[in-house]
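Data block below; observations after.
Every number in this text was worked out from the coordinates using simple rules, so none of it is lab data. As the structure is a prediction and not an experimental result, all values here were calculated from the model. Please note: Cβ atoms are built from the backbone with ideal geometry, for glycine as well, and neighbour counts cover all protein chains shown.
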Amino acid sequence: MQRIIKLQNIGLILFSVFFMMGCSDDDTTYKATDINIEEAKLLDFPLMGIKPTGIEIVQPEIVDNKEVTYGDIKITLPSTITSLENIAAAITSKELNLSKFSVSPGNTVNLSFEDGKVHVFTISAATGDKEALLHYNVSIIKEVSPVSETLKITGFTFEKSKNPSLPNDITITKIVEDDDGIDKIYILVPLGTDFTDLVPTITYDGATLYYSQDPSTTVNVLYPSTATSFDFKYPKTFDLTVVDKNDDKQKKTSIIVDVVNPVRIETELITIPDVKKGERLLYFPGITKWINQGNHKIYYNYRKGTTYEDEDLIVIDNTYYYNIFTVDRDIPIDGLIPGESDNVNVLVWPLSEGTYKSTAVFYTQIYENSFGYNDSYDLFEPVKVKVTSNIIK
């Protein structure tokens with residue numbers, strides 16, 4: 001009987017020992033049902049040797065301590081990064097409690113994020129059954145390289161829809177760029193246009209656009225965001241200034257609005273009275289008038305001088321060739337303003353008998369104090385004066 005009791009006691013002792021050992025194991029192993037998976041969320045996502053310019057983390061959706069929706073991590077790298085190949089995570093205990101959780105792929109795995117590839121990173125329990133708890137879709141992109149602002153006026157148009165008096169849309173005729181000074185835009189409208197009431201449509205490359213119509217001041221006014229009519233009639237000026245996003249760089253552009261034919265000749269066909277052969281040079285001042293019908297002052301210093309067509313030349317001794325006529329224009333030294341006129345003069349050299357003719361071609365260059373000498377001489381239609389004279393005995 002005593003032997004049976006002893007065996008029973010030994011059995012109870014062994015059972016107790018195994019029971020206690022089982023309890024000890026349960027105390028050191030985390031089961032999914034015992035873990036608060038909110039603690040498994042990633043707080044950041046550093047990369048090995050790369051500093052992102054931005055990171056956006058959308059945490060997984062958790063309901064009743066279970067993941068319902070994967071999280072999303074979107075990382076932006078500097079535009080100077082040449083490749084999205086061989087990128088590894090660098091997750092530490094600052095981002096995740098590594099005594100409780102592990103992340104896969106680990107920090108030693110290099111991945112490619114080229115062509116928009118997305119990789120799933122899984123957070124699991126660090127011990128026990130290591131059940132997957134949370135997931136993150138991780139994507140990496142490069143930021144777009146900053147595009148420098150050219151600070152240019154990229155478009156200037158008088159649209160017919162905003163200017164009913166115009167026959168069609170009128171666009172830029174010529175752009176003159178000056179790296180160190182003021183750019184110029186020439187836009188030519190039909191003769192008879194009302195310069196006092198024109199609505200421009202402007203596009204530009206920059207952050208802000210200002211305008212000024214007073215060359216004597218540096219004060220600029222913010223260009224209106226709605227369609228606005230402006231007065232372009234002489235002596236008004238119209239200058240635009242484009243400013244960059246940092247408000248520390250700017251570029252000024254002068255807008256010159258005129259007509260393609262700013263000069264008109266009062267009488268284009270001129271007949272000089274008969275002159276006698278051998279007389280001294282004869283000067284006929286004011287034989288006709290030329291009129292400035294444009295919108296800017298016309299300057300006296302032409303970059304392209306008068307040329308001649310259909311001219312009859314006198315040949316002396318089969319060697320010397322002379323033009324019978326020289327035609328010129330009077331012009332004030334400070335320029336001829338719109339609406340004014342001045343003389344056209346003819347000089348005759350009567351070297352030989354006969355009927356002679358020549359066509360003088362005048363070119364126009366406009367001038368304005370705000371932009372001085374300019375490159376307008378090739379923009380405007382030239383005008384012609386046809387001269388005929390008889391040289392008699």
Between residue 127 and residue 194, what is the label-to-label distance in nm when each label sits 7 Å out along the Cα-to-Cβ direction?
-> 9.0
Tell me, in nm to one decimal, what length is gained between residue 169 and residue 269 on full extension, where the rule is 0.36 nm per residue of separation less the Cα-Cα distance?
-> 32.5 nm
Hz values of 3J(HN,Hα) by residue in segment 121-129 - Karplus curve (6.51, -1.76, 1.60), Gly and Pro given as x | 9, 10, 9, 10, 5, 6, 10, x, 6
What is segment 118-176 by shape, rounded, prolate or oblate, if you read a ≥ b ≥ c off the alpha carbon gyration tensor as root eigenvalues and call it rounded for a/c under 1.5, prolate for a/b larger than b/c, and oblate otherwise?
-> prolate
Relative contact order (%) - segment 32-142, alpha-carbon pairs under 8 angstrom, separation at least six | 31
Square roots of five times the C-alpha gyration tensor eigenvalues of segment 263-392, ordered largest first and given in whole Å, equal 31, 15, 12
Residues with amide H under 5 Å of residue 223's amide H, sequence separation 5 or more or different chain, H placed in the peptide plane at 1.01 Å from N; which?
-> 209, 210, 211
Quick shape check on segment 177-245: root eigenvalues a ≥ b ≥ c of the Cα gyration tensor, a/c under 1.5 is rounded, otherwise prolate if a/b tops b/c, else oblate, and it reads prolate
Proximal lysines relative to residue 304, as straight alpha-carbon distance under 28 Å, when same-chain residues fewer than 8 apart are discounted | 174, 184, 233, 236, 252, 289, 357, 384, 386
Hey, what angle do you get for helix 2-27 against the long axis of the chain, alpha-carbon based, 0 to 90 degrees rounded to 10?
-> 10
Identify, among 293, 360, 157, the residue whose Cα sits farthest towards the positive end of the charge dipole of the chain, taking +1 on the Cβ of Lys and Arg and -1 on the Cβ of Asp and Glu, with the dipole about the Cα centre.
-> 157
Given [x] 39, 26, 22; [y] 95, 21, 15; [z] 42, 23, 19 as possible values of semi-axes √(5λ) of the Cα gyration tensor in Å, the one from the coordinates is [y]
Ranked by how many other beta carbons lie within 10 Å on average, peptides 358-364, 72-78 from highest | 358-364, 72-78
In a GNM of the chain with a 10 Å cut-off on Cα contacts, which of 236, 142, 297 has the highest mean-square fluctuation?
-> 142
Taking residue 142 as the anchor, which lysines have their alpha carbon closer than 23 Å to its alpha carbon, excluding any fewer than eight residues away along the same chain?
-> 51, 74, 117, 245
For the chain, build the charge dipole from Cβ charges (+1 Lys, Arg; -1 Asp, Glu) around the Cα centre, then report which of 63, 379, 332 sits farthest towards its positive end.
-> 63
Karplus couplings for segment 45-62 from phi (6.51 cos²θ - 1.76 cosθ + 1.60, θ = phi - 60°), rounded to Hz, Gly and Pro as x?
-> 9, x, 10, 5, x, 10, 9, x, 8, x, 8, 10, 10, 10, 6, x, 7, 10
